[in-house]
There are 2 protein chains.
Amino acid sequence: MSTITRPGGRTERTRTAVLGAAFTITAEVGYGGLSIEAIAERSGIHKTTIYRRWGSVDAILFDAIVSRAESAVLLPSTGDARADLNAMARSVAENLEDPMSRAVAAAALSGTGDGSLKELSDRFWDDRIGKAAEIVKAGQKEGQIDAKLDPSVVVVEIIGPIWFRVMVLQVLVDRSFIEALVDGAIR
Amino acid sequence: MSTITRPGGRTERTRTAVLGAAFTITAEVGYGGLSIEAIAERSGIHKTTIYRRWGSVDAILFDAIVSRAESAVLLPSTGDARADLNAMARSVAENLEDPMSRAVAAAALSGTGDGSLKELSDRFWDDRIGKAAEIVKAGQKEGQIDAKLDPSVVVVEIIGPIWFRVMVLQVLVDRSFIEALVDGAIR
DNA sequence: ATGCTAATGCAACTAAAGTTGTGTTAGGGT
DNA sequence: ACCCTAACACAACTTTAGTTGCATTAGCAT
């Protein structure tokens, strides 16, 4: 995956087909229903090819996520920390509705820690929490948020409950819940 | 499972052996590494028996959890809401370190919702959040907590970040983090 | 255009998961 | 003590997942 010697048309087409099929199937039956054979059938790509290029379902998920990494959540910074955090929280909730995000999360939780997936997960959250913490720091600089609070703890106080509600309790989050979270986190 | 016509010695012994093996294997390799064949080998119970009585790994997990349901978290009520919530939060964190809890959570997240597991998960959380909310309500009655706050939201504001840190970020929670959560949740 | 070979397709194989039919063991009632 | 049968063990089977050797296709360089 790291050294693509021939990134021409066909190689890219099979990649697109496989990742697309993985996405579709995940949306339909979830991580538990994902299998390489199913992806092969859906994508029209022979299973041998998939086994040789990726080797496992988790590796496909890894690739799929990395390929969509550029479309990450954009963190606003209007100067109003409370509004920015609310917008950030909403984008987190929306992103969690993405079946692929769910699948990757489930994969990370299911495995013994395949290693690469754990690493991906770590980097993803480091990045996202770090960026969100910048909003908190800006708010502290402006005096909108208590300077004694740990920025990353504030972020987890917002993201954690959203994650918990959507993924564990499996109920949708409404606007008022998010606002309550933000208010509680910044006191 | 519902109508046990002969709950005598042998039946109970195989049940204990199977659930015990399931627990041990889960602790070692996690949910992803669980298979009925492995459980059969470890427990010494023939795989045919397991397939006939349970039918799937998820059903075994279901049974294992139900059989330990009585050893649930005990919710303290000393009258000091803050202290009680802190104790509750710590027990949640400790419980999450239980590999079986992780496995059930992963199973619930992995599947399309096998139905029975989703139901188990729902009942489990309804019960736990409901009991924890009682602590909050008591605190509100005593004037220790703002009466305008939604008790179940307060509970999720405490449990959610703990869950998120342990399960997603996969880092341990320390005492100060828990205290910060409780303080934030009850303002 | 032509040749080289990475990438894919195909079929046959091994391994593991899951199922079914039949005989055996041991609760629990009489 | 005896019998009945639920629960279990065993073996053979079917199905699905994963692997390997070889033929074919199609990027890409010359």
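Okay, residues lined up against (1) within 11 Å of DNA strand C (Cβ to nearest atom); (2) of a type outside the set (A, V, I, L, M, F, W, C); (3) more than 14 Å from chain A (Cβ to nearest Cβ):
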site: B:Val18; (1), (2), (3): no, no, yes
site: B:Glu28; (1), (2), (3): no, yes, no
site: B:Ser43; (1), (2), (3): no, yes, yes
site: B:Thr49; (1), (2), (3): yes, yes, yes
site: B:Asp58; (1), (2), (3): yes, yes, no
site: B:Arg68; (1), (2), (3): no, yes, yes
site: B:Leu75; (1), (2), (3): no, no, yes
site: B:Asn86; (1), (2), (3): no, yes, yes
message: Are there helices (runs of 4 or more DSSP H) fully within region A:1-118 with at least 3 residues that are at pLDDT 85 or above? List them.
response: A:9-29, A:36-43, A:47-53, A:57-67, A:81-96
message: It is to be established whether one or more residues within region A:73-86 are within 25 Å of B:Leu172 (Cβ to Cβ), touching a helix residue (DSSP H, G or I) at 6+ places or on another chain (Cβ under 7 Å) and of a type outside the set (A, V, I, L, M, F, W, C).
response: no
task: Scan region A:130-151 for residues that are in a helix (DSSP H, G or I) and of a type in the set (A, V, I, L, M) and report the count.
output: 5
query: B:Arg165 passes all but one of (1) of a type in the set (Lys, Arg); (2) within 30 Å of A:Ser121 (Cβ to Cβ); (3) at pLDDT 95 or above; which number fails?
result: (3)
message: Would you confirm whether or not region B:171-182 contains a residue that is within 11 Å of chain A (Cβ to nearest Cβ), in a loop (DSSP other than H, G, I, E, B) and under 21 Å from A:Asp183 (Cα atoms)?
response: no
task: Read through the list (1) within 12 Å of chain B (Cβ to nearest Cβ); (2) free of Cβ contacts under 8 Å to residues at least 40 places away in the same chain; (3) within 30 Å of B:Glu97 (Cα to Cα), then give the number of the only condition that A:Glu94 fails.
output: (1)
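Yes/no per residue for (1) exposed (fewer than 15 other Cβ atoms within 10 Å of the Cβ); (2) touching a Gly at 6+ places or on another chain (Cβ under 9 Å):
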| residue | (1), (2) |
| --- | --- |
| B:Val104 | no, no |
| B:Arg123 | yes, no |
| B:Gly130 | yes, no |
| B:Ile159 | no, yes |
| B:Phe177 | no, no |
Selection from region A:138-155 of residues that are more than 17 Å from A:Gly79 (Cβ to Cβ) and open to solvent by less than 10 Å² (accessible area, probe 1.4 Å): A:Val154, A:Val155
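The values are calculated or read from the model by the stated rules, or taken from the named source; none is laboratory data. Keep in mind that this is a model prediction, so the values were computed, not measured. Here Cβ is always computed from backbone atoms with ideal geometry, including for glycine, and neighbour counts include all displayed protein chains. We work out accessible area using only protein heavy atoms, side chains counted, and drop any ligands, DNA or RNA first. Shrake-Rupley method; radii C 1.70, N 1.55, O 1.52, S 1.80 Å.
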